[in-house]
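Trainee: Attaching a single structure in structure tokens format; questions to follow.
Read-outs: derived from the displayed coordinates by stated rules, not from any lab. Only a predicted model underlies this, so the values are computations on that prediction, with no experimental measurement involved. Cβ: placed from backbone, ideal geometry, glycine included. Neighbour counts: every protein chain shown.
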């Protein structure tokens with residue numbers, strides 16, 4: 001299978017004394033969705049920034065269709081890779097349509113403004129993520145979920161082959177998280193490759209075929225979601241107990257955290273309380 | 001007249017409402033561009049026959065049309081001088097250069113301010129954020145102190161303005177992180193340094209002759225602008241303005257964020273350099289013929305944003321026109337309000353500040 005991205009022994013540090021990550025190797029195939037899990041501050045965002053050619057690697061290489069990404073002009077990289085950063089404040093209230101239209105930049109000359117065809121492509125991207133209703137609103141007046149979708153639409157207007165999403169579901173409510181993941185899933189089945197970082201192991205089962213867990217400055221585990229997202233790996237990564245089981249109701253694996261302390265439910269529910277919490281309670285008494 | 005306070009406040013509310021409605025009618029989307037584009041020619045014309053010396057408005061039109069019309073063969077159409085020599089002198093030697101300078105300086109400063117606000121992602125930035133005005137001010141003050149002639153004062157102002165921004169840029173290059181923030185900080189450093197040098201120059205200057213000259217120069221005026229000055233700065237102005245207009249759509253992307261702009265394939269470093277060079281050329285040339293004129297570059301972009309929104313493809317041309325109109329009005333007031341000329345730098349703030357405060361209360365700007 002043709003590999004779009006090929007990462008070999010990648011390493012990065014801001015300050016030579018403190019390495020962010022090193023010796024990371026993986027490759028991304030067409031239509032593949034790779035989910036990067038890992039604790040806060042481990043360097044997931046930095047890795048994604050390196051893949052987007054925003055930070056230069058300190059060691060190793062990233063090859064884009066067989067060419068070193070550093071040797072390519074930003075413009076050419078932007079035609080293949082769409083980057084969706086974490087949400088941040090925008091000072092000037094551009095309307096959503098103008099904001100999405102900015103995604104056409106890599107396809108336009110230095111002195112050009114977007115034309116009718118670019119407008120049509122931006123509108124198509126807006127329809128694809130389903131934010132037509134808010135297309136004329138200023139980005140300062142829409143919700144966090146809508147803003148996330150607007151940023152995804154902007155990246156889609158780039159017509160990329162790879163979409164890099166930095167924690168696309170953070171700051172979103174439960175419904176919006178699932179909606180964003182559904183859109184990512186649909187884009188992947190339509191031929192886009194996706195790399196995203198997430199804080200929720202469940203998201204890996206929802207959308208991804210491959211998962212990488214980042215720990216101690218490298219990939220601790222990398223492979224199929226069912227093989228990588230295990231009770232042992234999650235315990236080691238996050239230091240919490242979880243159960244992973246197959247749910248026949250939703251036809252996929254689910255990841256359920258254990259209760260840390262004693263059960264605080266009363267009344268008729270109390271009888272249903274067994275397992276760790278109950279044992280803990282009993283042993284205290 | 002016995003009027004209760006309640007009635008009075010009612011009357012005021014009605015008046016306010018009516019004023020608001022007039023504003024809304026004036027600025028309906030379709031009327032906006034037409035209105036903005038028509039305003040400048042009307043103001044230019046008005047500015048030419050406003051002043052101490054009365055000139056017949058018909059004569060103004062004939063005077064302006066004559067050089068063009070008389071290019072045609074004499075038997076087709078010809079304008080014969082019906083005006084007096086004094087009228088021709090007032091229009092061509094005094095008012096026209098002044099009007100042209102006001103248009104250039106106002107348009108230029110507004111565009112430079114708008115471009116900087118996008119580059120620094122900050123609506124409170126003005127064209128002298130990188131120290132160009134303090135540098136140019138020192139250049140002029142030094143030249144006056146050393147009794148150099150007018151041309152040398154201008155050249156010195158221009159050179160020191162460019163020097164100040166160059167130093168600011170070099171200081172910011174010493175640190176590699178968060179380029180725009182460091183740029184603003186080094187601009188403050190360089191600005192403070194040159195402001196101190198201006199004070200030093202004033203302190204050692206002869207208090208009867210040179211100190212007032214320096215002080216008046218720093219307050220800004222278009223009273224002594226000549227054609228030679230305009231010819232000198234026009235190439236810089238045109239080149240910088242055209243480049244800014246050409247890259248204006250991309251300033252939008254830069255205004256959203258540096259990382260995102262780079263991820264969208266934009267060479268942010270080169271783009272920042274382009275904007276800084278263009279804005280500096282414009283501001284330095286404006287300061288060297290007109291002295292330091294604050295507020296225009298800060299207020300006009302906001303006015304533009306309220307009218308056409310934040311998109312630079314529409315905002316930059318509108319800033320160009322509005323800036324020209326704004327400075328024309330200010331300059332007309334400067335020469336008409338009192339017997340003596342009021343320095344421009346004073347009027348731009350005295351009129352600009354309350355007007356800006358009113359606008360902020362009246363229209364939502366988006367970023368507050």
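Trainee: Do the sum for chain B: with -39,500 (n - 2.57) for every DSSP H run of n ≥ 4, divided by all residues, what is the mean residue ellipticity at 222 nm, to the nearest 500 deg cm²/dmol?
Mentor: Values: 16 runs with 272 residues, N = 368.
Here the helix-only value at 222 nm equals -25000 deg cm²/dmol.
Trainee: Pick from A:59, A:157, A:260: which residue has the top mean-square fluctuation in a GNM of chain A where Cα pairs under 10 Å get a spring?
Mentor: Ranking A:59, A:157, A:260 by mean-square fluctuation puts A:260 first.
Trainee: Can you give me the distance in nm between label points at residue A:259 and residue B:85, each placed 7 Å from the Cα along the Cα-to-Cβ direction?
Mentor: Result: 10.6 nm between the two label points.
Trainee: Over the whole of B:249-262, what's the average partner chain Cβ count within 10 Å per residue? Rounded to a whole number, please. Working shown, then result.
Mentor: Working: counts 10, 7, 0, 8, 7, 0, 5, 9, 5, 1, 7, 13, 4, 8.
Mean number of neighbouring Cβ atoms from other chains: 6.
Trainee: Can you give the FRET efficiency to the nearest 0.05 for residue A:30 and residue B:166, using r as the Cβ-Cβ distance and R₀ = 51 Å?
Mentor: Working: r = 49 Å, r/R0 = 0.96.
The pair residue A:30/residue B:166 has a calculated efficiency of 0.55.
Trainee: Can you sort B:94, B:144, A:134, B:242 by how many other beta carbons sit within 10 Å, fewest first?
Mentor: Numbers: B:94 17, B:144 27, A:134 20, B:242 11.
Lowest to highest Cβ neighbour count: B:242, B:94, A:134, B:144.
Trainee: Picking from B:96, B:303, B:200, which is most flexible by a Gaussian network model of chain B using Cα springs under 10 Å?
Mentor: Residue with maximal mean-square fluctuation among B:96, B:303, B:200: B:200.
Trainee: Just how far, in whole angstrom, is region B:127-154 from region B:213-267 if you go by their alpha carbon centroids?
Mentor: 19 Å
Trainee: Between residue A:235 and residue B:173, what's the calculated FRET efficiency when r is the beta-carbon distance and R0 is 56 Å? Round to 0.05.
Mentor: Values: r = 48 Å, r/R0 = 0.85.
In this case the efficiency is close to 0.70.
Trainee: Return the whole-Å distance between the Cα centroid of region B:195-209 and the Cα centroid of region B:46-113.
Mentor: 39 Å
Trainee: First obtain the Kirkwood hydrodynamic radius of the protein assembly as shown from its Cα pairs, then insert it into the Stokes-Einstein equation at 25 °C and 0.890 mPa s, and state the resulting D in µm² per second as a whole number.
Mentor: 85 µm²/s
Trainee: When chain A is modelled as a GNM with alpha-carbon springs shorter than 10 Å, which of A:23, A:167, A:32 fluctuates the most?
Mentor: A:23
Trainee: Next question, about the same structure. Taking the Cα-to-Cβ direction at residue A:58 and at residue A:246 and moving 7 Å from each Cα, how far apart do the two end points lie in nm?
Mentor: 4.4 nm
Trainee: Something else: Mind running the shape call on chain B? Use the C-alpha gyration tensor, a ≥ b ≥ c as the square roots of the eigenvalues: rounded below 1.5 for a/c, prolate if a/b tops b/c, oblate otherwise. All intermediate terms of the calculation are to be shown ahead of the outcome.
Mentor: Working: a/c = 1.42, a/b = 1.11, b/c = 1.28.
Taking the square roots of the gyration eigenvalues as a ≥ b ≥ c, chain B is rounded.
Trainee: Considering only DSSP beta bridges with both partners in the protein assembly as shown, what is the antiparallel share in %, to the nearest 5?
Mentor: Values: 28 of 44 bridges.
Once the DSSP bridges in the protein assembly as shown are tallied, antiparallel ones form about 65 percent.
Trainee: Here's a follow-up. How big is the convex hull of the Cα atoms of region A:3-238, per residue, in Å³?
Mentor: 129 Å³
Trainee: Moving on. Taking only C-alpha pairs under 8 Å that are 6+ residues apart, what is the relative contact order of chain B in percent? Mind showing how you got there, number by number?
Mentor: Details: 472 pairs, mean separation 94.6, N = 368.
Relative contact order of chain B: 26 percent.
Trainee: To the nearest 0.05, how large is the calculated FRET efficiency for residue B:37 and residue B:78 if R₀ is 25 Å and r is the Cβ-Cβ distance?
Mentor: On the way: r = 31 Å, r/R0 = 1.24.
Calculated transfer efficiency: 0.20.
Trainee: Still on this structure, I have one more. So what's the gap between the Cα centers of region A:101-148 and region A:34-73, to the nearest angstrom?
Mentor: Cα centres, region A:101-148 to region A:34-73: 26 Å.
Trainee: Answer rounded, prolate or oblate for region A:62-121, using the Cα gyration tensor with square roots of eigenvalues a ≥ b ≥ c: rounded when a/c is under 1.5, else prolate when a/b is larger than b/c, else oblate.
Mentor: Working: a/c = 2.48, a/b = 1.47, b/c = 1.68.
In terms of gyration-tensor shape, oblate.
Trainee: Nearest 5 is fine: what % of DSSP beta bridges in chain A come out antiparallel, could you say? Present the calculation step by step, with values, prior to reporting the outcome.
Mentor: Values: 28 of 44 bridges.
Taking every DSSP beta bridge within chain A, about 65 percent pair in antiparallel fashion.
Trainee: At what distance in nm do the modelled label points of residue B:234 and residue B:199 sit from each other, each positioned 7 Å from its Cα along Cα→Cβ?
Mentor: Going from the residue B:234 label point to the residue B:199 one covers 4.1 nm.
Trainee: What does the C-alpha gyration tensor say about the overall shape of region B:225-368? Classify as rounded when a/c is under 1.5, otherwise prolate if a/b is larger than b/c, or oblate. Please list the in-between numbers first.
Mentor: Values: a/c = 2.66, a/b = 1.36, b/c = 1.95.
Oblate shape, in that a/c is at least 1.5 and b/c is the bigger or equal ratio.
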